[in-house]
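The block underneath contains the structure these notes are about, expressed in structure tokens.
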Amino acid sequence: MTSGNQPGVLEVPKPVSEETTDSALFVRTSAEGMVDFSRERIVEALVRETLLDQETAGLIGREVEEQIRAFHTRTLTAPLIRELVDAKLLEHGL
């Protein structure tokens, strides 16, 4: 993910801390690491990659997060999140 402040600079996701709550969600990265789930990452990617407005991207992000939490799982993968986002975009006719 590139930084919004400096073109071409990659942001490294914050590693998962030792202190977590029962409702914490984790994403397995391609490097086999684990990072905290962030709805904001979904929203930022939608605005950047699909040119959706912030409000619509926020709606999609909230719906995807609700769907993920309904799975009652603590760990998921980035490809699964992408597929869920794609499905929500289709549901909204986008």
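The values are calculated or read from the model by the stated rules, or taken from the named source; none is laboratory data. Everything numeric here is computed off the predicted structure, so don't read it as measured data. Because the Cβ atoms are built from the backbone with ideal geometry, glycine has one as well, and the counts that use them run over all protein chains shown.
One table, with the values for the structure above:
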read-out: Filtered residues of the range 25-43 (kept if part of a strand (DSSP E or B) and either touching a Pro at 6+ places or on another chain (Cβ under 9 Å) or of a type in the set (Asp, Glu) (or both)); value: Val27, Met34, Val35, Asp36
read-out: Qualifying residue in the range 52-70 (condition: touching a Phe, Trp or Tyr at 6+ places or on another chain (Cβ under 8 Å), modelled with pLDDT under 85, of a type in the set (A, V, I, L, M, F, W, C) and within 27 Å of Leu94 (Cα to Cα)); value: no
read-out: Count - residues of the range 55-74 that are surrounded by 12 or more Cβ atoms within 10 Å (Cβ to Cβ) and outside any loop (DSSP other than H, G, I, E, B); value: 13
